[in-house]
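For reference, the structure discussed in these notes is given below.
The values are calculated or read from the model by the stated rules, or taken from the named source; none is laboratory data. What you see is a predicted model; the values in this text were computed from it and never measured. Cβ sites come from the backbone with ideal geometry, for glycine too, and all protein chains shown count toward neighbours.
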Amino acid sequence: MTVDFGHVNSLGNTPGIWYALSYFMATLVFLSSNRKKTKGINRFFGIALPGGAIIALMALTNGISGFGFFAVMVSIIFLIMLSFYINTDGGKEKDIYYGLRAFMLGEFMASLGWQIYYYFDLQFGWKNDKIHQVVVMLCVIALISVLGFFMEKKHSAENRDMEFDTQRILGAAVIVGLLYFFSNLSYVVSGTPFTTIYSAEFFMIRTSSDLMGVMLLYFYHELLQQTAAKIEEQTLRNMLEMQYTQYQVSEESMALVNQKYHDLKHQIAMLRASILEGGNQENTEYLDMMLDEIRQYEAQYKTGNRVLDTMLSTEAMKCQAKDIELTCVCDGEALSFMKPMDISALFGNALDNAIESAEQIEDKGERLIHLSVDRQRGFLRINVENRFAGNRQFRHHLPLTTKSDKNLHGYGVKSMKQIAEKYGGSIRAEAKDGWFNLSILIPIPVHE
């Protein structure tokens with residue numbers, strides 16, 4: 001940055017190298033709290049190359065003003081966002097959002113450090129001594145970096161799963177744009193209520209504006225996380241209640257179907273007997289075929305758990321309609337410690353996802369789903385395997401939604417994860433050789 005008010009001493013301009021170092025350290029702060037895309041040597045170069053480009057650009061353009069200064073700042077922001085694009089796994093919207101936050105934090109680091117150095121220079125007559133400058137700037141940048149690291153660390157788990165859209169990015173961009181413009185307004189104009197011609201006042205305005213920008217972005221981020229958490233919690237609760245209601249309706253429907261099936265089966269048996277007495281073998285064969293066709297509607301699952309039986313019967317009918325073969329080996333009694341609402345949601349989501357995946361396979365003979373529920377060494381083990389087509393992406397060993405709008409989908413997996421963790425268990429998924437495997441492990445309470 002260059003400013004020449006005619007009365008400002010040689011400390012009126014902060015050397016570009018300190019801004020470059022501040023941008024680099026601020027980028028590291030936010031990189032540490034986001035999901036890594038690269039490792040080892042790739043991560044080293046993924047961080048070093050954009051960071052080196054920032055340092056080189058600031059060093060080569062130190063003292064530039066006017067339109068050139070604007071172009072340099074745009075380039076710096078682009079390089080910061082590029083660093084997030086290379087090193088984090090979250091999408092371009094997330095790269096832009098954290099790029100803006102890192103830029104604002106870097107601005108604050110450099111302006112605060114230079115203001116403190118300027119103050120001590122005037123007080124103690126350092127006469128722009130380079131050693132004092134290096135010590136003060138490095139101490140301030142290091143302190144703010146460490147503080148920023150610990151403040152972001154507590155959000156690292158939430159940060160990894162946060163999704164960003166245009167509206168959220170626009171909010172961050174407005175905060176950065178307005179505060180950055182105001183902090184540097186004295187460079188552009190003078191003689192207004194918001195500008196000054198004195199270095200000390202200018203540094204105070206700049207540092208205060210940058211601090212306000214950093215804090216506003218921090219609280220804005222907190223608000224986004226709290227809002228997202230509330231929406232997710234409410235959505236999962238609604239989903240749980242809706243699935244349990246569907247289970248209750250299915251249970252009533254299955255009971256009615258079974259009753260009608262048994263009544264019809266006995267009626268057919270009586271009709272068959274009367275026809276046999278008349279010696280008409282051809283009509284009895286037709287009745288046998290008719291009996292086979294309606295037999296599929298009988299609830300055939302007897303696992304030892306009423307809720308699981310109903311869920312399996314309902315899902316089996318879906319599979320039959322989609323030419324999917326569903327096989328089950330289930331010890332339903334192992335689920336006795338779980339609430340009916342949790343059982344219906346857990347198996348409903350797991351089987352619905354498996355059916356949705358299997359039905360996309362063109363070869364109907366390959367549409368296979370296998371479910372197993374058993375006990376192993378004090379744990380309840382639930383395993384769902386299904387054939388799938390295409391590729392699946394994972395995050396934290398859980399599948400990412402394949403829907404385009406990720407904000408409105410993926411709640412099925414979140415619901416299963418929440419239920420497993422509610423009972424002290426875990427959930428894990430993997431895809432290999434055309435098979436998708438979902439495994440849930442839950443400790444069985446001792447009293448069980």
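So which of 348, 378, 365 ends up being in contact with a helix residue (DSSP H, G or I) (Cβ under 8 Å, 6 or more places away or on another chain) and not basic (Lys, Arg)?
Being in contact with a helix residue (DSSP H, G or I) (Cβ under 8 Å, 6 or more places away or on another chain) and not basic (Lys, Arg) holds for just one of 348, 378, 365, which is 348.
I'm told residue 121 meets every condition in (1) in contact (Cβ under 8 Å) with a residue 60 or more places away in the chain; (2) surrounded by 22 or more Cβ atoms within 10 Å (Cβ to Cβ) except one. Can you identify the failing condition by its number?
Of (1) in contact (Cβ under 8 Å) with a residue 60 or more places away in the chain; (2) surrounded by 22 or more Cβ atoms within 10 Å (Cβ to Cβ), only one is false for residue 121: (2).
Taking into account only those residues within the range 329-366 that are over 19 Å from residue 444 (Cβ atoms) and among the hydroxyl-bearing types (Ser, Thr, Tyr), which is surrounded by the fewest Cβ atoms within 10 Å (Cβ to Cβ)?
For the range 329-366, the residue satisfying everything is 357.
Go through the range 42-100 and give me each residue that's over 24 Å from residue 175 (Cα atoms) and outside any helix (DSSP H, G or I).
Selection gives 61, 62, 63, 64, 89.
Take the residues in the range 301-328 that are assigned to a loop (DSSP other than H, G, I, E, B) and more than 33 Å from the chain's Cα centre (by Cα), then tell me which one is surrounded by the most Cβ atoms within 10 Å (Cβ to Cβ).
Within the range 301-328, the match that is surrounded by the most Cβ atoms within 10 Å (Cβ to Cβ) is 305.
Residues 129, 210, 161: which one is touching an Asp or Glu at 6+ places or on another chain (Cβ under 7 Å), assigned by TED's automatic domain parsing to the domain that holds residue 26 and of a type outside the set (Val, Ile, Thr)?
That would be 210, the only listed residue that is touching an Asp or Glu at 6+ places or on another chain (Cβ under 7 Å), assigned by TED's automatic domain parsing to the domain that holds residue 26 and of a type outside the set (Val, Ile, Thr).
Given (1) touching a Gly at 6+ places or on another chain (Cβ under 9 Å); (2) at pLDDT below 90; (3) not acidic (Asp, Glu), identify the lone condition not met by residue 29.
Of the numbered conditions (1) touching a Gly at 6+ places or on another chain (Cβ under 9 Å); (2) at pLDDT below 90; (3) not acidic (Asp, Glu), the odd one out for residue 29 is (2).
Which residues, counting only those in the range 394-426, are modelled with pLDDT of 90 or more and in a loop (DSSP other than H, G, I, E, B)?
423, 424, 425
When you go through (1) surrounded by fewer than 17 Cβ atoms within 10 Å (Cβ to Cβ); (2) in contact (Cβ under 8 Å) with a residue 60 or more places away in the chain; (3) in a helix (DSSP H, G or I); (4) not basic (Lys, Arg) one by one for residue 163, which number turns out not to apply?
(3)
So for the range 131-146 (the condition being in contact (Cβ under 8 Å) with a residue 60 or more places away in the chain, out of contact with any Pro (no Cβ under 9 Å at 6 or more places or on another chain) and loosely packed, with under 12 Cβ neighbours inside 10 Å), does at least one residue qualify?
No, the range 131-146 contains no residue that is in contact (Cβ under 8 Å) with a residue 60 or more places away in the chain, out of contact with any Pro (no Cβ under 9 Å at 6 or more places or on another chain) and loosely packed, with under 12 Cβ neighbours inside 10 Å.
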